[in-house]
Amino acid sequence: EMLPKFKRQDSGFTLIEVLVVVVIVAILAAISVPIYIQYVQGARASDAQATVGAIYNSVKMYRQDYGEDPSSIEELQEMEYLTIDEGTERQWTFSLIGSNPVTQIEAISTAEMKGGAGHVVLFDVQTGRFSGYGLPTDEDI
């Protein structure tokens, strides 16, 4: 009579299989994390972009009424051309760059913004383009 063959019970994964999975997960993370960070920054910057758009429209209305550009954001607010949401005002400071004509509108984040202080969103009046924090650079496109 033949001796029964030893049957080895394999259960679980080999070290190689586990390492392959770990490497694949690491590659996926390396690809997706920067994209996610850019997405979060873009979402934070969208508030500033919307307000900058409102500021630009206010500047155009002011120019239509007075024949010159306002000297500051505060002037637009005092003369009721512009209202900025309190939450937005806590997280961003806005300023006009250039006078007659205004050439750029700048937003700089404060410490109240979750992404931290000092991030700049810039709107170029002549080109109508935004640049800076949360926006793709020319290399990203």
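The values are calculated or read from the model by the stated rules, or taken from the named source; none is laboratory data. Because the structure is a prediction, the values reported are computed rather than measured. Ideal geometry is used to build each Cβ from the backbone, glycine not excepted, and the neighbour counts take in all protein chains shown. Please note that ligands, DNA and RNA were not included when accessible areas were found on the heavy atoms of the full protein model with its side chains. Shrake-Rupley method; radii C 1.70, N 1.55, O 1.52, S 1.80 Å.
Structure notes:
- A 1.4 Å probe run over the chain, with the rest of the protein chains in place, finds 73 Å² accessible per residue.
- Per-pair calculated FRET efficiency, R0 = 35 Å: Asn100 and Val33 via Cβ, rounded to 0.05: 0.15
- Whole-number percent relative contact order across the chain, with pairs defined as alpha carbons under 8 Å at least 6 apart: 20
- The alpha-carbon atoms of the range 9-138, seen along their principal axes, cover 88, 29, 19 angstrom, with the largest extent given first.
- Dipole magnitude of the range 18-141, debye to nearest 20 (Cβ charges: Lys/Arg +1, Asp/Glu -1, about Cα centre): 560
- Of the GluC sites (Glu not before Pro) found in the range 9-108, the ones in coil according to DSSP and having at most 10 other Cβ atoms within 10 Å of their Cβ are Glu80.
- For trypsin sites (Lys or Arg not before Pro), the sites in the range 71-141 that DSSP calls loop and that have at most 10 other Cβ atoms within 10 Å are Lys114.
- Extending 7 Å from the Cα toward the beta-carbon at both Met61 and Thr14 defines two label points whose distance is 7.2 nm.
- Residue among Pro34, Tyr56, Val120 farthest towards the positive dipole end of the chain, charges placed on Cβ: Pro34
- Over the range 85-141, Cα pairs under 8 Å with separation of 6+ residues give a relative contact order of 23 percent.
- Overall, the accessible surface of the range 29-141 at a probe of 1.4 angstrom is composed of carbon and sulfur to the extent of 51 percent.
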